Amino acid sequence: MSTRAFDFGDAVFHFFRVAGEKPAAVIWIGLWQTVFYGGLVYLGWLLVGDFYIWLINMAISGQEPTDMEVLERMGGMFAFIPLVTIGAILIALMAQAAWLRLLTRGEMAAVIPFRLGGDEGRLFVTNLGLIALLIAFQIVFGLAFAIVGGGMALAVGAGGGGELGAGLAGGFGVFLVLMLGLIAAIFIGVRISAAPATTILERRIAFPAWSATKGKFWPVLGAYVVVIILVAVVGSVVGVVLNLAFLGALLPVMGEFIQMAETGHDPSVEEVRALFGELFTSPATIGTFIAIGTLSVFMQTIIEAIWHSVGAYIAINNRADAAPVDTSPAG
C-alpha cells in the first residue's frame, strides 16, 4: 500500500483544521459530551452527595462517626456504583466514536451525535484488544521485574557481595527492566495508536493497525509529544481561569472568616454552617459553580478530541491510495 508522506504539522493540527472548516460540528459534539458527562456527575452526586454532606456536618460539629454508621451510610451507594461505571464506559465509547467519525470520515450523526451502533461495537472490540495488550504487557514486565531484580540480587549475594550489594544489584535490575519497559511501552503505544481511528475510518476491527505507523515511528511520537505539550499549556491556562473564578465565588465567606480572625472572634458551629449555607444557596454562587463545571468539562472534551486527532490523521494518511476521504465536518 503506497501512502502519502507523513506531514508532522498536519498530524499535530489536524483537529484545528477540521474545527476551522466547520466549527459548529465540533461545538455540537463537545456540548453533547458535556451534557452526558454532566448528567453522569449529577447522578453520582445524587448517590454520594448525602454521604459527604453528612461527613462534613459531623466534622463541623466535632463528632466522629462510628465504623458502623459509616458502613450504613455507604451501603446504599455500593449497589449503584456498577451502574454508574457502565454508564461512564458507554459515554466514553460513544464520545470516542463521535469524535473519530468527525475526524476521519467527516461525519456527524444528526441531532444527537452519540450513537450505539456498528461503529461503537467495532470500536469496543478494538479497545478491548488494546486493554488486553496493556494487561499482558503489565504481567510480562511484572514477571521481568521479579526475575531480573531477584536474580541479580541472588547472584550478588551468592558471590559474597553481602546484603547491601544484593540490594543494590536487585535495585539496578529493577531499574534496568523499568527503563526497557518504558521504552517498549512507548514503542508499542505509538505503533498501535491508530487502531481506534482506523477501525472507525475503515468500518472494521482494525486492532492492532500495526501497519498504519510503519516507517513513521519518530514523527508520530513527535506529534504526540507536541500535542501533550499543547494540551498541558491549554489545560494550565484554563485551570488558572477556573481557579480564579472559584476563588472569586468563595471570597465572601473567606472575607467573613478573615474579619472574625482579626477581631479575635471564634465562630461557633452554627455560624460556620450559616455562612456556608448562605454561600451554597446563593443563586450567584450556584450559577458560578455550574458555569465553572460546564466549561471545565467542555474543555476536557476538546482536549480529548485533540488527542484523538493524531490517530485520525495517521489513519487517513495510511488510506492515501484508497478513495479520497472527505474530512470536512458534515452537518
Exercise. Out of the residues in segment 156-188 that are more than 26 Å from residue 139 (Cα to Cα) and either among the small types (Gly, Ala, Ser) or modelled with pLDDT of 85 or more (or both), which is most open to solvent (accessible area, probe 1.4 Å)?
Worked result: 158
Exercise. Has segment 19-38 got any residue that is basic (Lys, Arg) and modelled with pLDDT of 90 or more?
Worked result: no
Problem set entry | Per-region count, segment 189-238, residues open to solvent by 60 Å² or more (accessible area, probe 1.4 Å), more than 18 Å from residue 15 (Cα to Cα) and either in a helix (DSSP H, G or I) or not basic (Lys, Arg) (or both) | 8
For this session: Would you point out the residue of segment 127-153, among those that are at pLDDT 85 or above and of a type in the set (Gly, Ala, Ser), that is farthest from the chain's Cα centre (by Cα)?
Result: 136
For this session: Would you please name the residue that is farthest from residue 202 (Cα to Cα), looking only at residues in segment 107-126 that are part of a loop (DSSP other than H, G, I, E, B) and either out of contact with any helix residue (DSSP H, G or I) (no Cβ under 8 Å at 6 or more places or on another chain) or modelled with pLDDT of 95 or more (or both)?
Result: 111
Problem set entry | Flag for residue 38 being touching a Ser or Thr at 6+ places or on another chain (Cβ under 9 Å), small (Gly, Ala, Ser), surrounded by fewer than 19 Cβ atoms within 10 Å (Cβ to Cβ) and part of a helix (DSSP H, G or I) | yes
Exercise. With respect to the numbered conditions (1) modelled with pLDDT under 85; (2) at positive phi, which one is the sole condition not fulfilled by residue 203?
Worked result: (1)
Exercise. Which ones in segment 65-101 are open to solvent by less than 50 Å² (accessible area, probe 1.4 Å), at pLDDT 70 or above and not aliphatic (A, V, I, L, M)?
Worked result: 87, 96, 99, 101
For this session: Quick one: which residue in 132, 98, 92 is assigned to a helix (DSSP H, G or I) and either touching a Phe, Trp or Tyr at 6+ places or on another chain (Cβ under 6 Å) or among the charged types (D, E, K, R) (or both)?
Result: 98
For this session: Output the residues belonging to segment 87-139 that are of a type in the set (Phe, Trp, Tyr) and within 24 Å of residue 40 (Cα to Cα).
Result: 99, 114, 124
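The values are calculated or read from the model by the stated rules, or taken from the named source; none is laboratory data. A quick note: this is a predicted structure, and the numbers were derived from the prediction, not measured. Please note: Cβ atoms are built from the backbone with ideal geometry, for glycine as well, and neighbour counts cover all protein chains shown. These area figures cover heavy atoms from the full protein model, side chains too; ligands, DNA and RNA do not enter into them. Shrake-Rupley method; radii C 1.70, N 1.55, O 1.52, S 1.80 Å.
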